[in-house]
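The values are calculated or read from the model by the stated rules, or taken from the named source; none is laboratory data. All of these numbers come straight from a predicted model, not from anything done at the bench. Glycine also receives a Cβ, built like all others from the backbone with ideal geometry; neighbour counts cover every protein chain displayed. Side chains included, ligands, DNA and RNA excluded: accessible areas come from the protein's heavy atoms. Shrake-Rupley method; radii C 1.70, N 1.55, O 1.52, S 1.80 Å.
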Amino acid sequence: MSDPIPMVELWRGDLRESVHLGHAVAYHSTGGVIESWGDPDAVIYPRSSCKMLQALPMVEAGVSLSSERLALACASHEGASVHVNAVRGWLDEMGLSDDDLMCGRERPRDRYLQEALVREGTEPEQVHNQCSGKHAGFLQFHRHLRAKGAYIDPDGPVQRAVRDTFEDLTGMKSPGYGIDGCAAPNFATTVTGLARAMAAFAAAEEGKSTRRNAMFALREAMMAHPFLVAGQGKTASRFMEAAKGRVAVKPGAEGVYVAILPERRIGIALKIMDGAGRAADTAMAALLTRFGIFKPEAYAVRAVCDAPILNRAGVQVGVTRTAPGFV
């Protein structure tokens, strides 16, 4: 085992105020591990970074969905009106309601809709939950399988299919699971296993096999609808918008982040050990630059790498940057 390495630093004046340590792996679909940082065998929960893996068995089973709904199934959205209305429409078509979701109520992260709910005196619903698209997909798959019981049951048919697919693509038996914030099981793997799965998505091509078709469809949907996958001002959406079809990215809670690079058939996975999302954004920007998706001067990179820290008066007082020796 290797220790996590410094990946991101925050400087205020002449003092290094914070350091974020982590692990990362870049994996080629046929060449294996290209590079690794920290411990490639560190066991982690992928959290929401693996939503394309959770949606894959549904698509592979023949459930036909629009590109927009495939993107929503992979989304950790902001709960903006476009997200909420899209999930409501999906539920309506299935003859289901908000009560059929099992992700829990969450106040929308979109400021405009949050303020609208306050003005109206309306409580948030489950459709506002950032994982409601994933759960709508689970419901669709549950119906397709004519399954009984709760679709989030780790031993039920939906989650058994998710686990089987997860283990196939990560190349290892999961050592266990935790329950995610949205109540669904989240299967553990290594950083290498997660990167290996992303490399499989990167190499997927239409017409090769049912699974490859499904992986291709999910990957392309994410890149075609970056706003649905995250939301206004979110780094994941910004990365995909700027890359214009060259990368699909997905962050997860607690500092996890993955990237799918189709042109190079490479998958990337990283984990920031203290769980800081701000550091995961910076580390992923650095890795995408290293592997040729962005130039260092690209706005998507500069927004999180060597990014100025401003005080309330708008004066720069520090900087966020990658740590020496990382990439």
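Quick notes on this structure:
- Protein accessible area in the chain, 1.4 Å probe - carbon and sulfur %: 47
- Cα coordinate range in region 34-130, projected on the principal axes (Å, largest first): 52, 34, 21
- Evaluating 6.51 cos²θ - 1.76 cosθ + 1.60 at θ = phi - 60° for every residue in region 322-327, the Karplus couplings come out as 6, 6, x, x, 8, 6 Hz, glycine and proline recorded as x.
- Average accessible surface area per residue within region 1-89, 1.4 Å rolling probe, Å²: 40
- Per-residue surface analysis assigns residue 223 an accessible area of about 20 Å², computed on protein heavy atoms at 1.4 Å probe radius.
- Given +1 at the Cβ of Lys and Arg, -1 at the Cβ of Asp and Glu and no other charges, the dipole of region 32-74 around its Cα centre is 260 debye to the nearest 20.
- Residues of region 230-286: accessible area per residue with a 1.4 Å probe, Å²: 32
- The distance linking region 248-327 with region 52-79 is 25 Å (Cα centroid to Cα centroid, whole angstrom).
- For the chain, the list of Cys residues with no other Cys C-beta under 4.7 Å reads 50, 74, 305.
- Near residue 294: Cβ cut-off under 10 Å, other residues only, Lys/Arg at +1 and Asp/Glu at -1. The net charge is +3.
- In order along region 228-234, the Karplus-derived 3J(HN,Hα) couplings, from 6.51 cos²θ - 1.76 cosθ + 1.60 at θ = phi - 60°, round to 5, 6, 9, x, 4, x, 7 Hz, and Gly and Pro are given as x.
- Under-5 Å amide H pairs with residue 33, H placed in peptide plane, nonlocal only: 28
- Those lysines that a straight Cα-Cα span of less than 27 Å connects to residue 250, excepting residues fewer than 8 apart in one chain: 51, 134, 173, 208, 234, 271, 295
- Loop trypsin sites (Lys or Arg not before Pro), region 1-106, which have at most 15 other Cβ atoms in a 10 Å radius of their Cβ (DSSP): 105
- Cα shape, region 159-237, gyration tensor, a/c 1.5 rule: oblate
- Amide proton proximity set for residue 317, modelled H, under 5 Å, gap of 5+: 309, 310, 311
- For q = 0.06, 0.07 Å⁻¹, Debye-computed log10 I/I(0) when each Cα of the chain counts as one equal scatterer: -0.20, -0.27
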